[in-house]
Amino acid sequence: MPIQTKSIHRTLDDLIRRVWKENVRLKASGLVTMTWGNVSGIDRRRGIVVIKPSGMDYATLRPADMVLTDLDGRRLEPASRLESARMPSTDLPTHLVLYREFAEIGGVVHTHSTYATAFAQACRSLPCLGTTHADYCYGEVPVTEIMRPSAIREHYEANTGRMIVRKIRRLRLQPMVCPFILVANHAPFAWGANPAAAVENAIVLEAISKMALLTFLLDGRRTGISQALLEKHYLRKHGQSAYYGQAQPGVPIHGNIHPRH
């Protein structure tokens, strides 16, 4: 095997292991009941998506079980594996829509985590009530429109992705400025620059959803924090002059995101 081909396979094997690892982490985080969740990742250079198989018990999940497709959902496993290969998550078409529409997304997560799903089922957006929320999302977490019966009957999962995209476009959001959304009557989706970041964002969304619900129980009149406090917390972590956290070798501490651009 030529050296270049070996390098390509090594890179893909690394992505497969990372997606498997993040699926296991998602379950360990407590965000998944039964098999209600999935993580995917993408190799942008080659247009290959890796995702968890449908309905498979996390306790038995192995890297070899991960499913590979292209951005149109076509299976990419070698012919020798196809007969025994797993079926991809039923949410794959939603993931693919997000990957096709937003080039900055490198990982996608879907869960039915309790508190975020409660807001989704109530068809209620999640306002920014405190600084924990503001550290990760510039403003409220939106909820999609309620899906029409015609969109449910055919291409349901792809239409779910299209509804997410439509909401983000309508609000003129950058996906990384608000890295999660609530799908009305359904559950949350989260994303990030890679699968690990997407899982972190899913964990954060569940935490701030729980905080919000408890806040509303204590004081149902709460509507949100001040614009000054929102900007301070978001930009100190993600802005051009960010000073939160530690720089990695060769990576500046400041981000390159401004919510108004």
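The values are calculated or read from the model by the stated rules, or taken from the named source; none is laboratory data. Values in this document were obtained by computation on a predicted structure and should not be read as measured data. Backbone-built Cβ (ideal geometry, glycine too); neighbour counts: all protein chains shown.
At a glance:
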| read-out | value |
| --- | --- |
| Criterion: aliphatic (A, V, I, L, M), farther than 30 Å from Gly239 by Cβ and not in a strand (DSSP E or B) - qualifying residue of Ile168, Ile105, Ile152 | Ile152 |
| Members of the range 181-207 found to be buried (at least 24 other Cβ atoms within 10 Å of the Cβ) and within 16 Å of Leu129 (Cα to Cα), listed by number | Leu205 |
| Only one of Cys178, Cys123, Cys128 that is touching a strand residue (DSSP E or B) at 6+ places or on another chain (Cβ under 7 Å), buried (at least 18 other Cβ atoms within 10 Å of the Cβ), part of a loop (DSSP other than H, G, I, E, B) and in contact (Cβ under 8 Å) with a residue 24 or more places away in the chain | Cys178 |
| Any hit, the range 133-144, residues being over 18 Å from the mean Cα position of the chain (by Cα) and either over 24 Å from Ser89 (Cβ atoms) or touching a residue at least 60 places away in the same chain (Cβ under 8 Å) (or both) | no |
| Close pairs (6 angstrom Cβ cut-off, 6 or more residues apart or separate chains): at negative phi and of a type in the set (Phe, Trp, Tyr) in the range 184-209, at pLDDT 95 or above and outside any helix (DSSP H, G or I) anywhere | Phe189/His110; Phe189/Ile181; Trp191/Ile105; Trp191/Val108; Trp191/Pro179 |
